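Following: one structure in structure tokens, then a few remarks.
The values are calculated or read from the model by the stated rules, or taken from the named source; none is laboratory data. Source: prediction; values computed, not measured. Note that we place each Cβ from the backbone using ideal geometry, even for glycine, and neighbour counts take in every protein chain shown. Side chains are part of the model used for accessible areas, which takes the heavy atoms of the whole protein and leaves out ligands, DNA and RNA. Shrake-Rupley method; radii C 1.70, N 1.55, O 1.52, S 1.80 Å.
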Amino acid sequence: MLITKRHLPRRTFLRGIGATIALPLLDAMVPAMAQTPAPKSRYSFLHVPHGASPGYCRPTGIGKHWELSRILQPVAAFKDRLTVVCGTDHRMATSLSPEESAGDHSRTAAVYLSAAHPKRTEGQDIYAGVTIDQLLAQKIGQESPLPSLELCIEDVGALGVCGVGYSCAYTNSIAWSSPTSPLPMERNPQVVFERLFGNGGTPEERAARKREDRSILDSVLADVQRLKRGLGPSDLARFEDYLADIREIERRIAIAEQTAAVDFERPETAELPFDAHVKLMLDLQVLAFKADITRVATMMFSRDLSAKVYSESGVPDAYHALSHHQSDPVRMERYAKLNAYHVGVVAYFLDKLRSTPEGDSNLLDNSLVMFGSPMGNSNLHDHVDLPVLIAGTAAGRYETNRYVENPKGTPLANFFLTLAEKEGVHLDSFGDSTAKMDV
């Protein structure tokens, strides 16, 4: 690393044995007398599989004059940065022929961000569609070390057939780089950490560092000290906060492995409490966005047919079983409580993004976060009136503090078509889109 006259290239790295650490945007990266560079947009797509409790999700009012529904109350502090999109469908997740009638859970993950109907097959000849995150990664991800980042919390490593006549490939990922190429979702926070900051993260190297109780930052100390000597006070504070965030993530991963007896190298033993696991992964996303390591991320909170019990929510029921509430008011109430808990996790993420300064703004304003599900009322296995929450402006591309009610039957693909257009990806159509959406 070479530092001259306090001006740093945006792509400055701290390098050491087994480590390559990108830096956040610093004032020293902006030449003297130059304006702060235009912010780069980031995109995060968060997924839950089983819809929302009917009647608890839709806001009241319309347009700029609206109030959050009960399920959305956990994000009330971010209302001025939210857009709630209602009335959209994912028709491509439904059965289009009689032999597909039992495959809703097998199709939905693949449809979520592609709006393309998956081919029914148990073999290797899978076929769905390119997802919107990957189109964005092709456009803006080539400027960052990782074009995109794919994460999950629940194990999605199933092989073979998942459902009636469908390959497990359709349920294991929400990110597809081509119609035949689902991308693997990573649930091991140590592996994600190594991808972001290491340059040789084999299981053996990770084990050696853990045995010696070393931080990945130990190998770049010389670069750290050299850089500190050339930074002004505000940059120095920002840089030290960033290093502290990296150390804190390392510490939390180590504590998780010790206190929960988790060995992330053996997936069958890796069962962290959901709240700790998901927050670790979201914090890794924030670090990746902060250092511009990636600008596009996807995360699956869960997988279809999940029997997960979210004890932190106070709901004792298994996720999928409770989603089939049979219109029982008591079960619907409990399911709404579980939905609100998931929204609370999103609120944690939004708070971290908003608390991270970047240039003249913050990461939330420079990002677009989409949280939703490819199912509406999963008690009926339907894919209409989907719950969709949007946060952030993607560096000024979107109005916020809005509730958008679409005409009945509007494809969610219309939003993806609009999203692509606003980022400079010009498409005639996307999935089953019919027009652009007013968002």
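Brief remarks follow.
- Annotation: of all residues in the range 301-323 being of a type in the set (D, E, K, R) and closer than 18 Å to Cys168 by Cβ, the one that is nearest to the chain's Cα centre (by Cα) is Arg303.
- Considering only residues in the range 6-35 that are among the β-branched types (Val, Ile, Thr) and under 21 Å from Val286 (Cα atoms), the one that is modelled with the highest pLDDT turns out to be Ile21.
- Going through (1) touching a Ser or Thr at 6+ places or on another chain (Cβ under 9 Å); (2) part of a loop (DSSP other than H, G, I, E, B); (3) of a type in the set (A, V, I, L, M); (4) more than 30 Å from Arg238 (Cβ to Cβ) one by one, Ala395 falls short only on (4).
Listed here are the residues, each with its yes/no results for (1) within 20 Å of Phe371 (Cα to Cα); (2) assigned to a strand (DSSP E or B).
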residue	(1), (2)
Glu150	yes, yes
Gly157	no, no
Val164	no, no
Ile174	yes, no
Ser177	no, yes
Phe193	no, no
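- Where a residue in the range 412-439 is touching a residue at least 40 places away in the same chain (Cβ under 8 Å) and its partner, wherever it lies, is among the charged types (D, E, K, R) and in a loop (DSSP other than H, G, I, E, B), with Cβ under 7 Å and at least six apart: Ala413/Asp432; Asn414/Lys436
- Taken together, the criteria exclude Pro74 from residues that are at pLDDT 95 or above and in contact with a Lys or Arg (Cβ under 9 Å, 6 or more places away or on another chain).
- Meets criteria (under 30 Å from Val343 (Cα atoms), open to solvent by less than 30 Å² (accessible area, probe 1.4 Å) and of a type in the set (Lys, Arg)) for Arg70: no
- Residue in the range 384-394 that is under 28 Å from Gln142 (Cβ atoms) and open to solvent by 30 Å² or more (accessible area, probe 1.4 Å) present: no
- Pair list, Cβ under 6 Å, 6 or more apart: the range 372-396 residue more than 15 Å from Tyr335 (Cα to Cα) and in contact (Cβ under 8 Å) with a residue 24 or more places away in the chain, other residue of a type in the set (A, V, I, L, M) and in a helix (DSSP H, G or I): Pro374/Ala93; Pro374/Val111; His383/Ala93; Ala391/Leu350
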